[in-house]
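Chemist: One structure, pasted below without further comment.
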Amino acid sequence: MKTSEFENIKDLIQRAEVEKAKSQGVKDSIKSEWKKKYGFETLEEAKDKLKELETEFNKNESRKEKLMNELEESQDWDQIEEELEA
């Protein structure tokens, strides 16, 4: 192998290492921003957070339905509506 070919390959490797470092910096920056904004850095953490939020949402929906049923059963709403219209 000629010296110039070796130098070219060495230069290509160095440029690739620089690009890798830049990419890693961008990746780290994105992860840091996700951590500040959303409280997680990785896809796995995002999936865990999604499950947590879905569970909380379902719990709140069930509670809302229960309370709405209790409210509906607590009064004779048709009678109240008729009294208001009279």
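Just so you know, all these numbers are worked out from the coordinates, no wet-lab data involved. Keep in mind that what you see is a predicted model, and the values were worked out from it rather than measured. Neighbour counts are summed over all protein chains in view; Cβ atoms, including those assigned to glycine, are modelled from backbone coordinates with ideal geometry.
Chemist: Over all directions, how big on average is the projection of the convex hull of the alpha-carbon atoms in segment 1-40, in square nanometres?
Modeler: Result: a mean projected hull area of 2.7 nm².
Chemist: Counting other beta carbons within 10 Å of each Cβ, put 3, 42 in order, fewest first. List each step's numbers first, then the result.
Modeler: Details: 3 7, 42 11.
Exposure proxy ranking, most exposed first: 3, 42.
Chemist: Let me ask something else about it. Efficiency by 1/(1 + (r/R0)^6): what FRET value for residue 30 and residue 55, r their Cβ-Cβ distance, R0 = 30 Å, to the nearest 0.05? Write down the numbers at each step before the final one.
Modeler: On the way: r = 27 Å, r/R0 = 0.90.
The calculated FRET efficiency here is 0.65.
Chemist: Multiplying the sequence separation of residue 23 and residue 79 by 0.36 nm and subtracting their Cα-Cα distance, what value in nm do you get?
Modeler: Numbers: separation 56, 0.36 × 56 = 20.16 nm, distance 6.85 nm.
Computed gain between residue 23 and residue 79 is 13.3 nm.
Chemist: Let me ask another. Using a Gaussian network model on the chain with a 10 Å cutoff between Cα atoms, which of 70, 44, 61 fluctuates the most?
Modeler: Comparing 70, 44, 61 in a Gaussian network model of the chain, the most mobile one is 70.
Chemist: At 7 Å along the Cα-to-beta-carbon direction for both residue 43 and residue 7, put a label point, then send me their distance in nm to one decimal.
Modeler: 4.3
Chemist: Positive end of the charge dipole of the chain (Lys, Arg +1 and Asp, Glu -1 on Cβ, about the Cα centre): tell me which of 86, 3, 74 has its Cα farthest that way.
Modeler: 3
Chemist: Within the set of other residues whose C-beta is less than 14 Å from the C-beta of residue 10, count the net charge using Lys and Arg as +1 and Asp and Glu as -1. Before the final figure, lay out the partial values.
Modeler: Details: positive: 2, 15; negative: 5, 7, 11, 17.
With Lys, Arg at +1 and Asp, Glu at -1, the net is -2.
Chemist: Send over the Kirkwood Rh of the chain, from the inverse of the averaged 1/r over different Cα pairs, rounded to one decimal Å. Can you show the working numbers first?
Modeler: Numbers: mean 1/r = 0.0522 Å⁻¹.
Result for the chain, one decimal place: 19.2 Å.
Chemist: Determine, for 28, 78, the number of other Cβ atoms within 10 Å of each Cβ, and report the residues in order from fewest to most. Numbers along the way, then the final one.
Modeler: Details: 28 11, 78 8.
Ordered by Cβ neighbours within 10 Å, fewest first: 78, 28.
Chemist: Exceeding 32 Å between C-alpha atoms, which entries from my cross-link table qualify? They are 22/59; 20/49; 35/59; 10/36.
Modeler: Violating the 32 Å limit, Cα to Cα: 22/59; 10/36.
Chemist: How large are Rg and Dmax for segment 42-86 when only the alpha carbon atoms are used, in Å?
Modeler: Expressed in Å, the Cα Rg and Dmax of segment 42-86 come to 19.1, 61.
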